[in-house]
DNA sequence: GTGTGCATGTAAGGAGTTACATGATTGC
DNA sequence: GCAATCATGTAACTCCTTACATGCACAC
């Protein structure tokens, strides 16, 4: 029976499986890879590393990189086991989608048509900016990972990009439906 | 200058704009409409209604429905104004997507190919079940709303359905790529 | 010498879930 | 009589974000 891993522990252990890392390194790795579907802040990462150390899932690694006050961590065998157990666990995985722009659209019938169109255009522009950020900040690193023997990290990056593009395209379609005077909405 | 609306206040005020409601009614409305992109639990709704009452954005409505101990609320003019200000506000809307299945896939290169395929099939099945629930529990109500003069509620329901179907299809595509021995992953 | 990046942490607060406790009404 | 649904609320807990505080190293 494995001890329960907190949400942050999952991404921390996973990142350490890719090699020894400091808390700062883990944060950087999250920002350039899983950010889109799983974030983590310093305020979570550092306390979590300490908890994992005290429960024996990670340990301090000898600091071989010159710089002082680097506290690099690595997985212990117990940590590797806990990570693998989580990966193949069959409890329903956590899923959360929370989207204020969509909530506003839901109440959009309380706005004027012009206000709705403005909202739709603005949301689409934000999504396209997001997509561009995935393209420049995440995809290139994922391609490296793929070449380095981790093809699935590229798949998840592509998912993030394609999902964002799909949403932007959905808003473009909505704008067309809203502007088309022919559109008898099909019930 | 408008007072800041908490996240839960936004959906509560919006639901009250559609008519007088008890906390219980609001919860039911959320479950059958916005649940997919904006949830709310009793533990949030009841305290929020009291806060909104004490700040004058909602008020108790005369109980015309026989049953005792129903505390139906309605918007005050100040509440209508606050709601409209939020709807047309131009601060960046809250967006959160958190997906444990995708995080596992990101670390999937630590699993065996069989374990990855199992995970992919299971996640796809869960998404298809979600889509079915949107079809049976949310879409029919949204069609009613559309006929009742709220076409955008139907648009958002369709978004929820189509997004879920798109994700399920993405997993189907991934499974094909993983099983195809020809697949030289394009970097 | 100064700004940028590397690096580690803490404290306070906001948001949300879950479990619990209670009771009325309605249909079978 | 009993189960399901309607109905209101509280308490404890988890999770996460933000802001703050500190200091080193290195390049320009």
Looking at (1) surrounded by fewer than 21 Cβ atoms within 10 Å (Cβ to Cβ); (2) under 23 Å from residue B:149 (Cβ atoms), which is the only condition residue B:87 fails? (1)
Kindly indicate whether any position in the range A:88-97 is touching a helix residue (DSSP H, G or I) at 6+ places or on another chain (Cβ under 6 Å), within 14 Å of chain B (Cβ to nearest Cβ) and either over 28 Å from residue A:158 (Cα atoms) or assigned to a helix (DSSP H, G or I) (or both). no
On the basis of being surrounded by 20 or more Cβ atoms within 10 Å (Cβ to Cβ), closer than 14 Å to residue A:72 by Cβ and more than 11 Å from DNA strand C (Cβ to nearest atom), does residue A:16 make the cut? yes
Suppose we filter A:148, A:142, A:157 for residues that are at pLDDT below 95 and more than 21 Å from residue B:94 (Cα to Cα); which single one remains? A:148
Just a yes or no: is a residue in the range B:99-120 in contact with a strand residue (DSSP E or B) (Cβ under 8 Å, 6 or more places away or on another chain) and outside any helix (DSSP H, G or I)? yes
What are the pairs, 6+ residues apart or on separate chains, where a residue within the range A:34-59 that is more than 22 Å from residue A:81 (Cα to Cα) and free of Cβ contacts under 8 Å to residues at least 24 places away in the same chain has its Cβ under 7 Å from a residue that is more than 12 Å from DNA strand C (Cβ to nearest atom) and outside any loop (DSSP other than H, G, I, E, B)? A:39/A:30
Only one of B:47, B:77 that is outside the structural domain of residue B:144 (by TED's automatic domain parsing), out of contact with any helix residue (DSSP H, G or I) (no Cβ under 8 Å at 6 or more places or on another chain) and within 13 Å of DNA strand C (Cβ to nearest atom): B:47
Hits in the range A:37-53 (condition: closer than 21 Å to residue B:108 by Cβ and out of contact with any strand residue (DSSP E or B) (no Cβ under 7 Å at 6 or more places or on another chain)): A:39, A:40
Got a sec? Which of A:81, A:60, A:52 is on the phi < 0 side of the Ramachandran plot and surrounded by 18 or more Cβ atoms within 10 Å (Cβ to Cβ)? A:52
Looking at the structure I just gave you, is residue B:18 touching a helix residue (DSSP H, G or I) at 6+ places or on another chain (Cβ under 8 Å), within 30 Å of residue A:15 (Cβ to Cβ) and not assigned by TED's automatic domain parsing to the domain that holds residue B:145? no
Criterion violated by residue B:110 - all others in (1) free of Cβ contacts under 8 Å to residues at least 40 places away in the same chain; (2) more than 10 Å from chain A (Cβ to nearest Cβ); (3) within 30 Å of residue A:12 (Cα to Cα) satisfied: (2)
Name, by its number, the condition in (1) farther than 21 Å from residue B:157 by Cα; (2) touching a strand residue (DSSP E or B) at 6+ places or on another chain (Cβ under 9 Å); (3) assigned to a helix (DSSP H, G or I) that does not hold for residue B:71. (3)
Residue within the range A:74-87 that is part of a loop (DSSP other than H, G, I, E, B) and either within 27 Å of residue A:158 (Cα to Cα) or within 15 Å of DNA strand D (Cβ to nearest atom) (or both) present: no
Looking only at the range B:32-59, which residues are within 14 Å of chain A (Cβ to nearest Cβ) and not in a loop (DSSP other than H, G, I, E, B)? B:44
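Yes/no matrix, rows are residues, columns are (1) over 20 Å from residue A:150 (Cα atoms); (2) within 22 Å of the chain's Cα centre (by Cα); (3) within 11 Å of DNA strand D (Cβ to nearest atom); (4) at pLDDT below 95:
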| site | (1), (2), (3), (4) |
| --- | --- |
| A:4 | yes, yes, yes, yes |
| A:18 | no, yes, no, yes |
| A:27 | no, yes, yes, no |
| A:58 | yes, no, no, no |
| A:63 | yes, no, no, yes |
Could you please find all residues in the range B:129-165 being within 22 Å of residue B:118 (Cβ to Cβ) and facing chain A (nearest Cβ under 10 Å)? B:130, B:164
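The values are calculated or read from the model by the stated rules, or taken from the named source; none is laboratory data. Model, not experiment: these values are computed from the prediction. Neighbour counts run over all protein chains shown; Cβ positions are idealised from the backbone, glycine included.
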